[in-house]
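The values are calculated or read from the model by the stated rules, or taken from the named source; none is laboratory data. Values in this document were obtained by computation on a predicted structure and should not be read as measured data. A quick note on method: Cβ atoms are made from the backbone with ideal geometry, for glycine too, and the neighbour counts reach across all protein chains shown.
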Amino acid sequence: MREVGNFKVNLKADFVDFNGFSLMLLPEKALWIKELNILLIADLHFGKAAHFRKSGIPIPEPVHETDFKRLEKLHQTIRPLHTYFLGDLFHSVWNEQWEVLNSFLLEFSETEFHLVMGNHDILPPSIYHQSVLKIHKEPLLIESFALSHEPLQPKTEGVLNICGHLHPGILLRGKARQSVRIPCFFWSGSTLILPSFGNFTGLALIEPKEDDLIWGISGEKVIPILSGTSIG
């Protein structure tokens, strides 16, 4: 049992037992709440490559293919009742990739898809209403969890805020000046920040405090990491 903020949680290698719920930390950079059969994903930024091409920057569209393959794997394996995109699902203004994404999500008829809107979700309301998505303009409270795009302030007693927005990453240092940056799940106080799901998003290195929890993602593994860790 470990105390994090005001919570006592039971930690395993790739999941957390929190208030009777199993939070499964997935190497696909998503979170599954097993008992609720809810899948949480943050910061996909689909359509970003097309957005860059419109600005004259030649980014090939296959950069998003990895994201589609991981989404497909997650929904075929877990078969969630609900998938919540925690903001920044689509990168900016409309382009043809929005229709590609919507058609892709329609393939998973067993799942209800939700979007908790983030700062990049700026499409006209009519486009969202014609999509497969159920739109939430404000954070949601489900059981012991507050779902949002950005970390919430102030906090609610006894509630874990699960969010995205920051694209958290950790720098691991090794011998001979070796270092590597990897995405991570980052739990600080009463906030659990998910890694950015999108392959074309980048990382923001975190500066963890002593009591913070970090799980790095390397390939097909989720790795518990101590604050101020090193490798090698």
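Okay, here's what the table says:
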| read-out | value |
| --- | --- |
| Subset of region 170-192 [part of a loop (DSSP other than H, G, I, E, B) and touching a Leu at 6+ places or on another chain (Cβ under 7 Å)] | 190 |
| Pair list, Cβ < 8 Å and 6+ apart or interchain, from region 205-219 residues that are farther than 15 Å from residue 192 by Cβ to residues that are basic (Lys, Arg) and surrounded by fewer than 17 Cβ atoms within 10 Å (Cβ to Cβ) | 205/181 |
| Considering residues of region 65-122 that are acidic (Asp, Glu) and either under 15 Å from the mean Cα position of the chain (by Cα) or within 17 Å of residue 42 (Cβ to Cβ) (or both) only, the residue surrounded by the fewest Cβ atoms within 10 Å (Cβ to Cβ) | 121 |
| Unmet criterion (only one of (1) at pLDDT 90 or above; (2) on the phi < 0 side of the Ramachandran plot; (3) out of contact with any Gly (no Cβ under 6 Å at 6 or more places or on another chain)) for residue 154 | (1) |
| Test: residue 31 is within 23 Å of residue 150 (Cα to Cα), at pLDDT 90 or above, not hydroxyl-bearing (Ser, Thr, Tyr) and not in a strand (DSSP E or B) | no |
| Inter-residue pairs, beta-carbon under 9 Å, first surrounded by fewer than 15 Cβ atoms within 10 Å (Cβ to Cβ) and in region 144-162, second hydroxyl-bearing (Ser, Thr, Tyr), 6+ apart | 156/190; 157/190; 158/144; 158/190 |
